[in-house]
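Here's the structure, in structure tokens; my notes come after.
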Amino acid sequence: MSEGPEGISRYEASVTSKEIHGVLEALGDPAIAAHSKRFFKTGPGEYGEGDRFLGIRIPVVRAQVRRYRDLSMRETLRLLVSPYHEARMFSLLLLVLKFNKGEEREKRAIYEAYIGHTAFINNWDLVDCSAHPILGGYLDARDRKPLYLLADSESIWERRIAIMACLYFIRQHDYADALKLSERLLNDEEDLIHKAVGWMLREIGKRDLTVELTFLKTRYRRMPRTMLRYAIERFPEDERGRYLRGEV
């Protein structure tokens, strides 16, 4: 096969989603797949119920994303609706790559495709690798109302997408929406939302501890325990103890 300017074969530049599936299936390991099914809680009634795994480690998926980075948008989105977790991960990582390198028109297309496919972004690792670079990146200089609509969703994954998108803003020292969404999700019933909110509060505190402390001051006693533990994880041990005992 002949090579393109960056060492990409013509075959790789015109490959289809079906062929990518074949590549991923060949890389799968049943033992890893079995472990992943347990780790990502795929049993009846669990948050990842019914998800299917090929058994591929993330570094291996990332290597294939780099290899097939010229895959068309159409074929990339076909992978996003795959029943296999790693194929959806491949698609999302490739969308992030395309978004980061894309012109404005392509960024908008990726953003709209992402919003239109949230039903398939249905586990915490899929959310966490994609929400902040795509949604956060696109909405950074725009109206952030879509995040509040997601935060009010019945879907745990759409709610997690909303708060995780704020990591992009937090890294720009812009905390307002992360704090508003944290307040909105304070009484959420799902542990995975508690963890995400606590994580974002911790990220704020790493950059501006006063902002985090101000938020915690009037809320920490009614925060879910997991959320609080995540938020104060970097605090000195004695201070963490006071928060957990409600003595601050």
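The values are calculated or read from the model by the stated rules, or taken from the named source; none is laboratory data. Please read these numbers as outputs of a predicted model, since none were measured by experiment. When we count neighbours, we look across all protein chains shown, and the Cβ atoms used for this are built from the backbone with ideal geometry, even at glycine. Quick note on the areas: whole protein, heavy atoms, side chains included, nothing else; ligands and nucleic acids left out. Shrake-Rupley method; radii C 1.70, N 1.55, O 1.52, S 1.80 Å.
Is at least one residue of region 172-179 more than 27 Å from residue 104 (Cβ to Cβ) and modelled with pLDDT of 95 or more? Yes; the residues of region 172-179 include at least one that is more than 27 Å from residue 104 (Cβ to Cβ) and modelled with pLDDT of 95 or more. Report yes if residue 90 is touching a Pro at 6+ places or on another chain (Cβ under 9 Å), modelled with pLDDT of 95 or more and closer than 27 Å to residue 139 by Cβ, otherwise no. For residue 90, the condition - touching a Pro at 6+ places or on another chain (Cβ under 9 Å), modelled with pLDDT of 95 or more and closer than 27 Å to residue 139 by Cβ - is not met.
Pairs are defined by a Cβ separation below 7 Å, a sequence spacing of at least 6 or placement on different chains, a first member in region 180-203 that is over 18 Å from residue 243 (Cα atoms), and a second member that is among the aliphatic types (A, V, I, L, M) and not in a helix (DSSP H, G or I); the pairs so defined are 193/185.
Would you pick out the residues in region 207-248 that are among the aliphatic types (A, V, I, L, M) and either in a loop (DSSP other than H, G, I, E, B) or over 23 Å from residue 189 (Cα atoms) (or both)? Full working, then the answer.
As a first pass, look at region 207-248 and keep what is among the aliphatic types (A, V, I, L, M): 209, 211, 213, 216, 223, 227-228, 231-232, 244, 248.
209, 211, 213, 223, 232, 248 - these are the residues of region 207-248 that are among the aliphatic types (A, V, I, L, M) and either in a loop (DSSP other than H, G, I, E, B) or over 23 Å from residue 189 (Cα atoms) (or both).
Take the residues in region 153-171 that are open to solvent by 40 Å² or more (accessible area, probe 1.4 Å) and in contact with a Gly (Cβ under 9 Å, 6 or more places away or on another chain), then tell me which one is nearest to residue 135 (Cα to Cα). Checking each candidate, the answer is 168.
Per the conditions (1) in a helix (DSSP H, G or I); (2) more than 19 Å from residue 199 (Cα to Cα); (3) open to solvent by less than 50 Å² (accessible area, probe 1.4 Å), the sole criterion not satisfied by residue 54 is (1).
Can you find even one residue in region 89-102 that is under 14 Å from the mean Cα position of the chain (by Cα), of a type in the set (Ser, Thr, Tyr), part of a helix (DSSP H, G or I) and closer than 22 Å to residue 177 by Cβ? No. Selection of region 57-108 for residues being open to solvent by 30 Å² or more (accessible area, probe 1.4 Å) and of a type in the set (Gly, Ala, Ser) yields 63, 72.
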